[in-house]
Amino acid sequence: MQIQQISVFLENKPGRLASVAEVLRDNKINIRALTIADTSDFGILRMIVNKPEQAHEVLKRAGFTVKQNVVVGVEIDDREGVLYDVMHLCDQRGLNVEYTYSFVEQTSKKAVLFLRFEDPQKAIEVLGASGYRLLTDEEVRKL
Amino acid sequence: MIWNRDVETLDRASLAAVQRERLRSLVARIYERVGFYRKKLDAAAAKPAAVRDLKDIQALPFTDKAELRDTYPYGLLAADPREIVEIHTSSGTTGKPVVDAYTAGDLDVWSEVMARTLAMGDTTVNDVVQNAYGYGLFTGGLGVHYGARRIGANLIPISGGNTARQLAIMRDFGTTVLTCTPSYSLYLAEVGREEGMDFAKLPLRVGLFGAEPWSENMRKEIEAQLHVKAIDIYGLTEIIGPGVASECERQQMLHICEDHFYPEIIDPATGRVLPDGEKGELVFTTLTKEGTPLLRYRTRDITYLDRAPCGCGRTSVRMHRILGRTDDMLIIRGVNVFPSEVEHVLLHVEGVEPHYQIVVERRDQLDCLEVQVEMTDDLFSDEIKNLEHKEREIEAKLASALLVHAKVKLVEPKGIPRSEGKAKRIVDKRKG
């Protein structure tokens, strides 16, 4: 139930995101979702891609500092109030969310919320027991 | 191995006698042959005949770098131009280059002191010496060359640069001794690692590194990565090039070839000679040089001297590795900051590699110091707060070492320019 995420260290200067995108394009890697966290000096690009191991390797070879870690993907209905439901549940059950980002599926009325938890295993148990469908790593690769 | 046992283990009283005679002869010679020095000595009312003892040197005038530039190219020549057989100059990046003109006798001395230096790394006729110092006007390449020739080692004069070839030669010819700048040795290690080279399996065993300031921590890095004993060597174009001083295999301060280069430590502000153990500016007098001898040359390097005997058996005075430069010293809001201190701090932070650059700017009349540190796999975290925490940690350590605030900025790996020669550590935007 844990999904592989790629994080890349970027200096906060023009052209850096383009260079990452170029490496991914050249290696025919597709991005499912991405988010950037930044400070005035640097940023961290986090991505869900269809081929995480390969993405890790080619970016590293291109000289980037890359880390692979896990997030949890929760399928939710694409309507108002659902984010609150998930966050409220996490809050009640003491699940600390480090960060989150999402994307909307094209083929259904669903959205996917990617969440980085302090304790992903506990989060998987809690969310699963509350009736949320969690995406598998294989599913995400095929999205 | 001690190359010249008679000289290098000479008792101190006999050594002082040799130095005294050479000093008297030098002063007489430059007064006689170099107009620049005759004027200088006359102006200081210093008569060559009054130099009877070594301590009398303290009454003689200094020579500084500006004077070398003013007399460019041949104003300090003490030999007949026909006697000069080779010329070297400094890079001249900060003004007119400094000229070193060698007679055949000077080249003989250079070969001798460089043989002593290489022998301190236990180099013998059985070794393969890969000399990756640049050949040409720069003294590093040919200095090592002459020393290795004198020893009779198998010398590979590959010169600087072309890293892929350096690595191939090292592997194929079984290099045992590497000579280059310390930063280039780390670059070699980095590229070699990327190409899957295992330095532990190579016969490489010792490296003689110099021509730029480095630290004890950088030594540990180099030794761990290249699996060599890293020896610090010291020299400067003005005096002869490399060969002025070197660590022995004990790696405890650098033995000065003081039968040829007489050292003093002075207070850079007053010119007063300081006692052994006190930090100050290193000054050299070239006791035996024929082409372009120098009297009390101010090197602008900061160090101190120690006359305690070394366990290796050599009796020569030793100098601590260079602690800083009187002119590279950054003055940040009135505080003296040496790049070597910054490096020392960084190497004590887990996950940080010695790739950094110091940027100084003036904002709103205030000097701002920024230390850029390259990101490493060990340092990288997916979470901003961890990275910011790391920046604060390094800032706190720098502040307590430097006594002035420095902002730390994490940059991408290899974001800091690596030259294949000297690493550019300081960008001072306050100038010009």
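Descriptive notes on the structure:
- Shape summary of the protein assembly as shown, radius of gyration then Dmax from alpha carbon positions: 30.2, 102 Å.
- In degrees, nearest ten, helix B:216-226 long axis to first principal axis of chain B (Cα): 70 degrees
- C-alpha center-to-center spacing [segment A:66-120, segment B:92-162] in angstrom: 65 Å
- In terms of overall dimensions, the C-alpha atoms belonging to segment B:171-236 reach 33, 20, 15 Å along their principal axes, ordered largest to smallest.
- Those aspartates and glutamates that a straight Cα-Cα span of less than 14 Å connects to B:K39, excepting residues fewer than 8 apart in one chain: B:E67
- Of B:Q252, B:N386, B:G271, farthest towards positive along the dipole that unit charges on Lys, Arg, Asp, Glu beta carbons give the protein assembly as shown: B:G271
- Rounded to whole Hz, the Karplus (6.51, -1.76, 1.60) HN-Hα couplings of segment B:143-157, x for glycine and proline: x, 4, 4, 5, x, 5, 5, 4, 6, x, 5, 7, 9, 10, x
- Cross-link partners of B:K289 among aspartates and glutamates (Cα-Cα below 16 Å; sequence separation of 8 or more within a chain): B:E21, B:E32, B:D80, B:E83, B:E86, B:D100, B:D106, B:D108, B:E112, B:E238, B:E258, B:D259
- Helix B:182-194 axis, angle to chain B major axis (alpha carbon atoms, nearest 10°): 40 degrees
- Within a straight-line Cα-Cα reach of under 13 Å, B:K429 can be paired with the following aspartates and glutamates, leaving aside sequence neighbours fewer than 8 residues apart in one chain: B:E361, B:D367, B:E370.
- Estimated vicinal HN-Hα couplings, Hz - segment B:259-268 in sequence order (Karplus 6.51, -1.76, 1.60; Gly, Pro = x): 6, 10, 10, 8, x, 9, 10, 10, 6, x
- Size of charge dipole - segment A:53-137 - debye, nearest 20, with Cβ of Lys, Arg +1 and Asp, Glu -1, no other charges: 200 debye
- Pairs beyond 26 Å (Cα-Cα), from A:K28/B:K409; B:K65/B:K409; A:K109/A:K142; B:K65/B:K229; B:K65/B:K424; B:K96/B:K424: A:K28/B:K409; B:K65/B:K409; B:K65/B:K229
- Only the Cβ atoms of Lys and Arg (+1) and of Asp and Glu (-1) were treated as charged; on that basis the dipole of the protein assembly as shown about its Cα centre amounts to roughly 1280 debye.
- Taking GluC sites (Glu not before Pro) as exposed when DSSP calls them loop and at most 12 other C-beta atoms lie within 10 angstrom, chain A has its longest site-free stretch at A:1-79.
- Taking all Cα pairs closer than 8 Å and separated by 6 or more residues, the relative contact order of chain B comes to 13 percent.
- Gaussian network model of chain B, Cα within-10 Å springs - most flexible of B:S400, B:S246, B:S183: B:S400
- Listed residue pairs exceeding 28 Å between alpha carbons, taken from A:K67/B:K407; A:K67/B:K414; A:K110/B:K390: A:K110/B:K390
- Exposed loop sites were defined as trypsin sites (Lys or Arg not before Pro) in DSSP loop states (anything but H, G, I, E or B) carrying at most 10 other C-beta atoms within 10 Å; in chain A the longest segment without such a site runs A:29-78.
- Altogether, the Stokes-Einstein calculation at 10 °C and 1.306 mPa s, with the Kirkwood radius of segment A:3-143 over Cα pairs as Rh, returns a diffusion coefficient of 100 µm²/s.
- Within chain B, the longest run free of GluC sites (Glu not before Pro) that sit in a DSSP loop with at most 12 other Cβ atoms within 10 Å is B:1-194.
- Angle in degrees between helix B:104-120 and the longest Cα principal axis of chain B, rounded to the nearest 10: 40 degrees
- Per-residue HN-Hα couplings for segment B:312-324 [Karplus 6.51, -1.76, 1.60; θ = phi - 60°; Hz; x = Gly/Pro]: 6, x, 6, 9, 5, 5, 10, 10, 5, 4, 4, 8, x
- Highest-MSF residue in chain B out of B:R321, B:R38, B:R116 [GNM, Cα springs under 10 Å]: B:R38
- Dipole axis of segment A:47-143 (+1 Lys, Arg; -1 Asp, Glu on Cβ), positive-most option in A:H56, A:L113, A:L127: A:H56
- The calculated 222 nm mean residue ellipticity attributable to helices in chain B amounts to -9500 deg cm²/dmol, summing -39500 (n - 2.57) over DSSP H runs of n ≥ 4 and dividing by all residues.
- Estimated at the nearest 10 Å², the accessible area of A:T39 is 30 Å² with a 1.4 Å probe.
The values are calculated or read from the model by the stated rules, or taken from the named source; none is laboratory data. Small disclaimer: the values here were computed from a predicted structure and weren't measured. Ideal geometry is used to build each Cβ from the backbone, glycine not excepted, and the neighbour counts take in all protein chains shown. The protein model used for the area step is the full one, side chains on, heavy atoms only, and it has no ligands, DNA or RNA in it. Shrake-Rupley method; radii C 1.70, N 1.55, O 1.52, S 1.80 Å.
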